[in-house]
Amino acid sequence: IIARDRRITSWAHEAIAARESTFGDHRLGLNVVARYRDSDYRDPITQTVELGRVSLFDRPRISEEPVAPAEPTRTSARVRQMETGASLRYAHRTGLAASVSARRVFVDESSKATDRADSARSSANWLYNASLAAPVTDALTAFVATTRGIEEAGTAPQNAANRFEVLSPVLAVQSEVGVQWRPHERLRLIATLFDIEKPEPGFDSQNVYRYLATVTHRGIEASISAQLTERLSVLVGGAWLEPELQGEAVAAGLQGDRPVGG
């Protein structure tokens, strides 16, 4: 299979205005942000060439150069995303810190399939994140955070009844709570409990590719870092993860309660 003439172009722009003020033991910061992204995806033209019997240790020889079709067809997609938001940060000299932010995101997605059928979708969503860190003792700090983010889901695959249909963006929510223990200035231990939840697409009984379940990843993450000498430091970490699927697809028996690879 020969693929050629693929193109991916993306432009991103960002503007930030920030202001910080200090009042005695208190520090307050305010950020206002505006972002814009325009991404254009042009998939390659693919051609299939029969090579016959070949050896994996020798470079295959193509007897005839494949001729490109007179009117090549290709799939393409475009994503335009606009985002505005603000964040507020607070910090105290004792180590207490908090932050909160909210953003409004507008996403316009379109795709053109090989059969020239167009698909487009526009969406608007609120995103947020908040965090709080508080010292428990001189060596121990507790923290908690939550975030709602967005990611592109692309289009339905070619073997679906709704092939190349643009799917709505995935909204993922991540929450975590943890502690940081620093018994020595050269030694630090961080342990975190986390929970990540987002929709999972799949094929329904009509072979339509859409969101059918919710995947949840719960687990524990821990790391320890030590500064052994001025030039040598060690970092060791690990995580335990338990994925689970829930929703109509699982209840109907169309798929199991564990995601692929989970």
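The values are calculated or read from the model by the stated rules, or taken from the named source; none is laboratory data. Values in this document were obtained by computation on a predicted structure and should not be read as measured data. Quick reminder, even Gly has a Cβ in these numbers, built from the backbone with ideal geometry, and neighbours come from all protein chains shown. Note: accessible area is taken over every heavy atom of the protein model, side chains too, but ligands, DNA and RNA are not part of it. Shrake-Rupley method; radii C 1.70, N 1.55, O 1.52, S 1.80 Å.
Kindly indicate whether any position in segment 242-251 is free of Cβ contacts under 8 Å to residues at least 12 places away in the same chain and open to solvent by 60 Å² or more (accessible area, probe 1.4 Å).
yes
Which of (1) buried (at least 17 other Cβ atoms within 10 Å of the Cβ); (2) over 21 Å from Glu152 (Cα atoms) does Asn207 not meet, given it meets every other one?
Here Asn207 meets the rest and fails (1).
Would you list the strands (runs of 3 or more DSSP E) that sit entirely within segment 74-158 and hold 2 or more residues that are open to solvent by less than 30 Å² (accessible area, probe 1.4 Å) and more than 24 Å from Val32 (Cα to Cα)?
Counting at least 2 such residues, we get 97-112.
Select from segment 9-61 the residues that are modelled with pLDDT under 90 and either open to solvent by 100 Å² or more (accessible area, probe 1.4 Å) or of a type in the set (D, E, K, R) (or both) and list them in ascending order.
Selection gives Asp40, Arg42, Asp43, Thr48, Glu50, Arg53, Leu56, Phe57, Asp58, Arg59, Arg61.
Filter segment 184-197 for residues that are in a strand (DSSP E or B), in contact (Cβ under 8 Å) with a residue 12 or more places away in the chain and not small (Gly, Ala, Ser) and give the result.
Those that are in a strand (DSSP E or B), in contact (Cβ under 8 Å) with a residue 12 or more places away in the chain and not small (Gly, Ala, Ser): Leu187, Arg188, Leu189, Ile190, Thr192, Leu193, Phe194, Asp195, Ile196, Glu197.
Of the residues in segment 199-211, how many are modelled with pLDDT of 85 or more and either under 18 Å from the mean Cα position of the chain (by Cα) or on the phi < 0 side of the Ramachandran plot (or both)?
So the answer is 8.
Kindly evaluate Glu242 against the criterion of being in a strand (DSSP E or B) and among the charged types (D, E, K, R).
yes
Scanning for something modelled with pLDDT of 95 or more and of a type outside the set (Gly, Ala, Ser), does segment 148-164 turn up at least one residue?
yes
List the pairs whose first member sits in segment 198-209 and is over 15 Å from Glu165 (Cα atoms), whose second member is of a type in the set (Phe, Trp, Tyr), and whose Cβ atoms are under 9 Å apart, counting only residues at least 6 apart or on separate chains?
Close Cβ pairs (under 9 Å, with a partner that is of a type in the set (Phe, Trp, Tyr)) amount to Pro199/Tyr211; Glu200/Tyr211.
If a residue must be open to solvent by 70 Å² or more (accessible area, probe 1.4 Å) and closer than 23 Å to Ser123 by Cβ, how many such residues does segment 166-199 contain?
Final tally of qualifying residues: 2.
Checking the conditions here, which among Glu230, Glu244 is more than 23 Å from Gly154 (Cβ to Cβ) and either modelled with pLDDT of 90 or more or within 20 Å of the chain's Cα centre (by Cα) (or both)?
Glu244 is the lone residue from the list that is more than 23 Å from Gly154 (Cβ to Cβ) and either modelled with pLDDT of 90 or more or within 20 Å of the chain's Cα centre (by Cα) (or both).
Can you pull out the residues in segment 96-137 that are modelled with pLDDT under 95, among the basic types (Lys, Arg) and on the phi < 0 side of the Ramachandran plot?
Lys112, Arg121
Considering only segment 1-53, how many residues are in a strand (DSSP E or B) and touching a residue at least 24 places away in the same chain (Cβ under 8 Å)?
30
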